[in-house]
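Following: one structure in structure tokens, then a few remarks.
The values are calculated or read from the model by the stated rules, or taken from the named source; none is laboratory data. None of these values were measured; they are calculated from a predicted model. Counting neighbours? That spans all protein chains shown, and the Cβs are built from the backbone with ideal geometry, glycine included.
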Amino acid sequence: MKYNFIDDIIPYTGTQLASHWIYENYGILGDATVAFIGASDVPLQNMVDLEDVRNNDYIYSKNMLNFITEIFGMSLREGVVIQRLFSSVIQNRINSELGGDIIRRRGDDLFYKDTQKLSVSICTVSPTSVLIHTGLNIDGHGAPVEAAGLTSDLGIDKIKPLAMSCMRTLTDEWEDINRSCCKVKAVY
């Protein structure tokens, strides 16, 4: 798996959750994760979480750290496992930086003080790949739910190093999973 931080400010609208978006825009072919910063405003017509659509919920953040992950040759269930693994990676990285058990994970969501939502995340499937979006509020003010932000509430202002560390750990896990699959023999 390859990874990259995109320095451009990119508003997240949900249209980035599309097969080959990473390759078409950044030339990274194959399994990959990219991160970028930008406001998030996802209209209902771009949302893939049907529960949120039915509830008329929407995604909005003034400023968010966004991750797009695309993995080929995988089922949706396997993608959800990777999505939750990545949420755990982010949780561990933030807790390590803050020096305590500050961030809690419930499913694919991360919370500060058990009630303030730090993240949004969704996993879906295309005809060719699994696609995952994970977004972390940098500024939680103005979100449609009680929210926390990396900078506004947690005091984390070095966003790029945080993103790079999380993507590097996910990539290391991915490579180790692949290695583990290759080193065992079948049993009959």
*For the stretch 28-45, enumerate the residues that are more than 14 Å from the chain's Cα centre (by Cα) and either in contact (Cβ under 8 Å) with a residue 40 or more places away in the chain or over 14 Å from Ile68 (Cα atoms) (or both).*
Gly30, Asp31, Ala39, Asp41, Val42, Pro43, Leu44, Gln45
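Name the residues in the stretch 8-31 that are farther than 26 Å from Tyr58 by Cα, touching a strand residue (DSSP E or B) at 6+ places or on another chain (Cβ under 9 Å) and not aromatic (Phe, Trp, Tyr), would you?
First, pick out the residues of the stretch 8-31 that are farther than 26 Å from Tyr58 by Cα: 23-24, 26-31.
Filter again for touching a strand residue (DSSP E or B) at 6+ places or on another chain (Cβ under 9 Å), leaving 23, 26, 28-31.
Across the stretch 8-31, the qualifying residues are Ile28, Leu29, Gly30, Asp31.
So which of Val89, Val48 is surrounded by fewer than 16 Cβ atoms within 10 Å (Cβ to Cβ), touching a residue at least 60 places away in the same chain (Cβ under 8 Å) and not hydroxyl-bearing (Ser, Thr, Tyr)?
Exactly one of Val89, Val48 is surrounded by fewer than 16 Cβ atoms within 10 Å (Cβ to Cβ), touching a residue at least 60 places away in the same chain (Cβ under 8 Å) and not hydroxyl-bearing (Ser, Thr, Tyr), namely Val48.
Let's see how each residue does on (1) polar (S, T, N, Q); (2) closer than 17 Å to Tyr12 by Cα; (3) at pLDDT 95 or above; (4) surrounded by fewer than 18 Cβ atoms within 10 Å (Cβ to Cβ):
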site	(1), (2), (3), (4)
Leu65	no, yes, yes, no
Ile71	no, no, yes, no
Gly79	no, no, yes, no
Ile103	no, no, yes, no
Ser121	yes, yes, yes, no
Thr128	yes, no, yes, yes
Asn137	yes, yes, yes, no
Thr171	yes, no, yes, yes
*Could you please let me know if Asp41 is farther than 28 Å from Pro161 by Cα, crowded, with 16+ Cβ neighbours inside 10 Å and among the acidic types (Asp, Glu)?*
no
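With respect to Leu154, determine if the residue is outside any strand (DSSP E or B) and either in contact with a Leu (Cβ under 8 Å, 6 or more places away or on another chain) or among the small types (Gly, Ala, Ser) (or both).
Working: outside any strand (DSSP E or B): yes; either in contact with a Leu (Cβ under 8 Å, 6 or more places away or on another chain) or among the small types (Gly, Ala, Ser) (or both): yes.
The answer is yes for Leu154.
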